[in-house]
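Input: a single structure, listed below in structure tokens.
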Amino acid sequence: MKYTAINIGPILQTFSMVRKPRELWAASYMFSYLMKFIIEELAKSGYEIISPAKLSPEADKTIGLYPDRVFVKGEVKQTLLDTAFNTFARELGLDSEKVKPYFNLMAVSIKPSEQTEDHVMRLNRLLDRMELCNLNFKNEKTEIAREAIFNYLRGSLKSLKEITGKGFKNRSLETIASYDIFDGEADKSDKYICIVQADGDNMGKVVSALPEPLIASLSNKLLNFGEECCKTIKDYGGLPIYAGGDDLLFLAPVLTSDGSIFDLIEKLDNHYENVQKYVDGKLQGKFHTTMSYGISMTYHKYPLYEALAKARESLFVTAKNVEGKNAVAWVLQKHSGSSFNVAMSKSMNNLYGALKKVIAATENDQLVSAVSHKIRHNEVLLSLWLDGVDDNIKGQRINNFFDKIIDVEGKDANAISYMEAVKDLLLAVYQNADNLSSEEDRLKKMKELTTIVYGMLRTAKFVKGKEEDK
């Protein structure tokens, strides 16, 4: 018995062509729609599909829910892929022969071997290599095909409306960014858009460790997760672009009456708990899966394809390399051209909750600037407190720092509330710091931690619309 994996593309290259949300949505939906016909053709031909799970008739047809890879038992012939592609092109009103040179339909088959790793993992690795080697050579046919797809993405709404039955609500980046403005008053952050890319941690290891019959069950859990996330993102005011397996891509406001982008991420993590419980139950703690997120926060007129690249880099270059993963990494690209980056693990005790409290308490922009700069400029003093004492003593030291360095005297109730939230944030930082013995190590560690705290305070200020655009 052979096993086959099929991959479709080029997804990233297509995303690099988009300029508007509707084009991004159309590009994502186009590939999901192609996979739909491949899966249907496989089922019609009697293949046993290992992953992904079958969509229910009630599934949201306006979101790309099919992943870019499918795994089946048996060897798949190229003629089957050709048949599926021709049906796909006809349904979208595309000239199959004209546009086919643009698409990458890759298939690889193997025989399972007891001496090697799990066959699904092997297939994944082989497809990864094929994607790297599949260079998009430029010739007359590929350029004609690319131009045809380029034009389709810009005028695809009519055909996709017929397919989905609902179509796409044409929202600009500006309307998404300014969704649900409080009391009709626009803050600075209402001109910025969040592009979020998320991916399940250790999912490859999880799949390789699961017995084959359980992979389909996990796929079904992930399908439910994606559908739940899409509803939550829409309720928040965001625009889901893709939700396939453990991958998410969506656009969202920085802040709404339901909370900030970080509150939304917490809700998505709550949906992922069903997947985590399933994995933990079946693997007995051998592997644990979490979700990591990459966020780009950019001005609504910033090029969409560049913002997409920043979100992807924040996820796969930064968040995925945070120790323990389960991370959120974000880059704030100001309209003025300045930017800063923050990355943190959600596993850090109380730190993520402390960030949300600071966001909620952020009001006075002058106070926020004073507090953040004084923390950053006193990292040497703060590093001396990393000496393994208990939380009560650390709390006393933080109170003394605010009394003597930041000066709390004469502050109103809102200011006091904000500083209490920052104190909790600092205490959470200390709780997550290593017990380092040497002064040099403590100073190095505190520089790392104060950089995170400074970035969080600036992020909180930005989210609440208090950050100056410079």
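The values are calculated or read from the model by the stated rules, or taken from the named source; none is laboratory data. All values derive from a computational prediction rather than experimental measurement. Quick reminder, even Gly has a Cβ in these numbers, built from the backbone with ideal geometry, and neighbours come from all protein chains shown. Calculation scope for accessible area: heavy atoms of the full protein, side chains included, ligands and nucleic acids excluded. Shrake-Rupley method; radii C 1.70, N 1.55, O 1.52, S 1.80 Å.
Taking each residue of the stretch 22-45 that is without any contact (Cβ under 8 Å) to a residue 24 or more places away in the chain and looking for partners that are open to solvent by 20 Å² or more (accessible area, probe 1.4 Å) and not hydroxyl-bearing (S, T, Y) with beta-carbon atoms closer than 7 Å, six or more apart or interchain, yields A43/I49.
Of the residues I215, I233, only one is assigned to a helix (DSSP H, G or I) and farther than 30 Å from T4 by Cα; which? It would help to see each step written out before you state the result.
Working: I215 fails: farther than 30 Å from T4 by Cα.
Just a single option satisfies the conditions, and that option is I233.
Across the stretch 35-60, which residue is farthest from S208 (Cα to Cα) among those that are of a type outside the set (A, V, I, L, M, F, W, C) and open to solvent by less than 60 Å² (accessible area, probe 1.4 Å)? Steps first, please.
To start, the set of residues in the stretch 35-60 that are of a type outside the set (A, V, I, L, M, F, W, C) comprises 36, 40-41, 44-48, 51-52, 54, 56-58, 60.
Applying the additional criterion that residues be open to solvent by less than 60 Å² (accessible area, probe 1.4 Å) yields 36, 41, 47, 51-52, 56, 60.
Values: K36: 25, E41: 26, Y47: 21, S51: 13, P52: 15, S56: 26, D60: 29 Å.
Result: D60.
For the stretch 277-286, check the following and say yes or no: at least one residue is over 17 Å from the mean Cα position of the chain (by Cα) and of a type in the set (V, I, T). The answer is yes, given that some residue of the stretch 277-286 is over 17 Å from the mean Cα position of the chain (by Cα) and of a type in the set (V, I, T). Considering the stretch 290-389, the qualifying strands (runs of 3 or more DSSP E), each wholly inside and each with 1 or more residues that are open to solvent by 60 Å² or more (accessible area, probe 1.4 Å), run over 339-345.
Filtering the stretch 8-17 down to residues that are of a type outside the set (S, T, N, Q) and more than 16 Å from P240 (Cα to Cα), which residue is most open to solvent (accessible area, probe 1.4 Å)? Ranking the qualifying residues of the stretch 8-17, first place goes to L12. Among the residues of the stretch 48-73, the ones that are of a type in the set (S, T, N, Q) and modelled with pLDDT under 90 come to 2 in all.
Within the bounds of the stretch 65-73, is there any residue that is assigned to a helix (DSSP H, G or I) and more than 27 Å from the chain's Cα centre (by Cα)? So far as the stretch 65-73 goes, no, none of its residues is assigned to a helix (DSSP H, G or I) and more than 27 Å from the chain's Cα centre (by Cα). Out of K423, K394, one residue alone is assigned to a helix (DSSP H, G or I), among the charged types (D, E, K, R), within 20 Å of R458 (Cβ to Cβ) and at pLDDT 75 or above. It is K423. Comparison of A209, A252 shows that the only residue that is touching a Cys at 6+ places or on another chain (Cβ under 7 Å) and touching a residue at least 12 places away in the same chain (Cβ under 8 Å) is A252.
Within the option set E91, E23, being out of contact with any Pro (no Cβ under 8 Å at 6 or more places or on another chain), surrounded by fewer than 20 Cβ atoms within 10 Å (Cβ to Cβ) and among the acidic types (D, E) holds for one residue only, E91.
Among the residues of the stretch 74-119, what is the count of those that are touching a residue at least 40 places away in the same chain (Cβ under 8 Å), part of a loop (DSSP other than H, G, I, E, B) and closer than 20 Å to V206 by Cβ? So the count comes out to 3.
Restricted to the stretch 189-225, and to residues there that are of a type in the set (S, T, N, Q) and in contact with a strand residue (DSSP E or B) (Cβ under 7 Å, 6 or more places away or on another chain), the residue that is modelled with the highest pLDDT is Q197.
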